[in-house]
1. Go over the candidates 6, 68 one by one and state the one that is at pLDDT below 95 and on the phi < 0 side of the Ramachandran plot.
2. Need the failing condition index for residue 61 against (1) outside any loop (DSSP other than H, G, I, E, B); (2) at pLDDT 95 or above; (3) surrounded by 15 or more Cβ atoms within 10 Å (Cβ to Cβ), just the number.
3. Would you be able to tell me the number of residues in segment 5-20 that are surrounded by fewer than 14 Cβ atoms within 10 Å (Cβ to Cβ) and in a helix (DSSP H, G or I)?
4. What are the residues in segment 24-53 that are touching a helix residue (DSSP H, G or I) at 6+ places or on another chain (Cβ under 8 Å), part of a loop (DSSP other than H, G, I, E, B) and either over 23 Å from residue 10 (Cα atoms) or touching a residue at least 24 places away in the same chain (Cβ under 8 Å) (or both), if any?
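The values are calculated or read from the model by the stated rules, or taken from the named source; none is laboratory data. These figures come from a predicted structure and were not determined experimentally. Positions of Cβ are backbone-derived with ideal geometry, glycine not excepted, and every protein chain shown enters the neighbour counts.
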């Protein structure tokens, strides 16, 4: 179903909330951040999970959200 939506709407960037979410979708391991390959023509950014169960703390998560913001700002130019 997600694949259909990505084909239909053709976003420029896809952001996944959580490494596990991306790994389940892509069937491969990854690290948070901008991925090298694209999905359906879109850049892929994997964020650490925002779940309270993710005990990494706020500062590391915020770093990735700022990186994503930079990716999105480049698209606006």
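1. Working: 68 fails: at pLDDT below 95.
None of the other options fit; the residue is 6.
2. Condition (2) is where residue 61 drops out.
3. 4
4. Within segment 24-53, 29, 31, 32, 40, 48, 49, 50 meet the criteria.
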